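Derivation of every value follows stated rules applied to the coordinates shown; laboratory data play no part. Since the model is a prediction, treat every value here as computed from it, not as a measurement. Heads up, the Cβs are rebuilt from the backbone with ideal geometry, glycines too, and the neighbour counts pull from every protein chain shown.
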Amino acid sequence: MYKYGFQNYFEADFGAFYPEVMEGEHWINVYLNFDLSRQTKLPADLHDPSALVVFDRDGEVQDFIVHDEGVDCEYKFTDREKQQMLSYIKEQNLI
């Protein structure tokens, strides 16, 4: 993850995911709480990260949003982190 402006960059390794899928008329939202590996060290300004992955009704990813303590924050996921989440979602047939 990294903060806007490419500050506080770190690469998270996820240990386990805890999904919640919510389907709307136009979107499928996959909320992911996760455990982080012991090697993953969070910066001081990121306390309880989680993810919102937004898909359209055709199953195409529209956005990956970092939440901290349940709300949007200034962090973004790296491509490798996105791939970890997307692989999990596909393996579990969540959408």
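Under a cut-off of 16 Å between alpha-carbon atoms, report the lysines in cross-link reach of residue 76, not counting same-chain residues fewer than 8 places apart. Within the straight-line limit of under 16 Å, residue 76 reaches these lysines: 3, 41. Ratio of Rg to Rh for the chain: 0.95 [Cα atoms; Kirkwood radius as inverse mean 1/r over pairs]. Just to be sure I follow the definition: excluding the sites themselves, where is the longest run in the chain that has none of the GluC sites (Glu not before Pro) in a DSSP loop with at most 10 other Cβ atoms within 10 Å? My reading of the result: 26-59 is the longest stretch. Within the listed set 62, 83, 39, the residue fluctuating most in the Gaussian network model of the chain (springs between alpha-carbon atoms under 10 angstrom) is 39.
Computed from the C-beta positions of residue 76 and residue 31 and an R0 of 25 Å, the FRET efficiency is 0.90 to the nearest 0.05.
As a length-normalised measure over Cα pairs under 8 Å and 6 or more apart, the relative contact order of the chain settles at 27 percent. Ordering 24, 1, 39 by the projection of their Cα atoms onto the charge dipole of the chain, which places +1 on the Cβ of Lys and Arg and -1 on the Cβ of Asp and Glu, puts 39 at the extreme positive end. Of the trypsin sites (Lys or Arg not before Pro) found in the range 1-72, those in coil by DSSP whose Cβ has at most 13 other Cβ atoms within 10 Å are 38, 41, 57. A simple spin-label model places pseudo-atoms 7 Å from Cα toward Cβ; at residue 39 and residue 9 they are separated by 1.8 nm. The simple spin-label model puts a point 7 Å past each Cα toward its Cβ; for residue 20 and residue 47 those points are separated by 1.8 nm. Answer rounded, prolate or oblate for the range 1-43, using the Cα gyration tensor with square roots of eigenvalues a ≥ b ≥ c: rounded when a/c is under 1.5, else prolate when a/b is larger than b/c, else oblate. Taking the square roots of the gyration eigenvalues as a ≥ b ≥ c, the range 1-43 is oblate.
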